[in-house]
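The values are calculated or read from the model by the stated rules, or taken from the named source; none is laboratory data. Just so it is clear, the model here is predicted, and its values are computed rather than measured. Cβ placement follows ideal geometry from the backbone for every residue including glycine, while neighbour counts extend to all protein chains displayed.
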Amino acid sequence: MGQPAYGSSTVSDEMLEHLRGRLVACRACPRLVVHRERMAQERRAAFRDETYWGRPVPGFGDAGAHLAIVGLAPAAHGANRTGRMFTGDGPRGASATLMAALHRAGMASSPSSERAGDGLQLSGVYLTAVVRCAPPGNRPSSDELARCRSFLVEELACLPRLQTVLALGRTAFEGCAQVLGTPRRPRFAHGTVLDLGAGRPRLVGSYHPSRQNTQTGRLTSAMLDEVLRVASVI
């Protein structure tokens, strides 16, 4: 797989839109297709009157971003419902934790991310994931990760000002390392910073802002604020 031309001035919003059109039509992973569509039909009781997105979820944010934040996958009743990354998985979910931190950092217009069309705007940051369909048990297989990887390669290449990729969790970190072409498999740790040189973005690691991590104190608000500060240095 060739390396994308990061920093190229020839990419555009139109290229992102073309990529999104192909991404949302993808049915390459049968297990994920079945699960995302089943969740969209069964629905959670709190959302029983809503129409779920139930398709692959494209990235969301500022096409002029210097920072891309990469998660694992859409939540079954979050982004798989709303159709927007890190949106709608409840007041204690990952989307709420991340958006509050982005708001504190001046990169989000609101501290919450409830639904597509809620007026939320991001500045300098773009949100995406290594897998675009909600996986059973939140555990994509290695084959599913591999099949989805080309979308992330293209998406990051469509961000002409990109300087840093912040990966949330070990699986996202390892997936981003493959996309960015690290010379060897890097060791994941919260706060890890890899300078890859050759005009490529830095790779920064963070614990995922999941409910489990935040409620157990594995990831605190102060820790997330600090890793965002490090990742945002231009």
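The figures follow:
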read-out	value
Filter pass, A146 being surrounded by fewer than 21 Cβ atoms within 10 Å (Cβ to Cβ), under 20 Å from A73 (Cα atoms) and at pLDDT 95 or above	yes
From A172, A198, A222, A177, residue being of a type in the set (G, A, S), in contact with a strand residue (DSSP E or B) (Cβ under 7 Å, 6 or more places away or on another chain) and surrounded by fewer than 22 Cβ atoms within 10 Å (Cβ to Cβ)	A177
Selection status of R92, over 23 Å from S142 (Cβ atoms), part of a loop (DSSP other than H, G, I, E, B), under 12 Å from the mean Cα position of the chain (by Cα) and of a type in the set (K, R)	no
Condition met for G205 (within 16 Å of L98 (Cβ to Cβ), free of Cβ contacts under 8 Å to residues at least 40 places away in the same chain and in contact with a helix residue (DSSP H, G or I) (Cβ under 7 Å, 6 or more places away or on another chain))	yes
Condition met for G137 (at positive phi and either touching a strand residue (DSSP E or B) at 6+ places or on another chain (Cβ under 7 Å) or in a helix (DSSP H, G or I) (or both))	yes
Criterion: crowded, with 23+ Cβ neighbours inside 10 Å, touching a Ser or Thr at 6+ places or on another chain (Cβ under 8 Å) and not acidic (D, E) - qualifying residue of A129, A75, A105, A157	A75
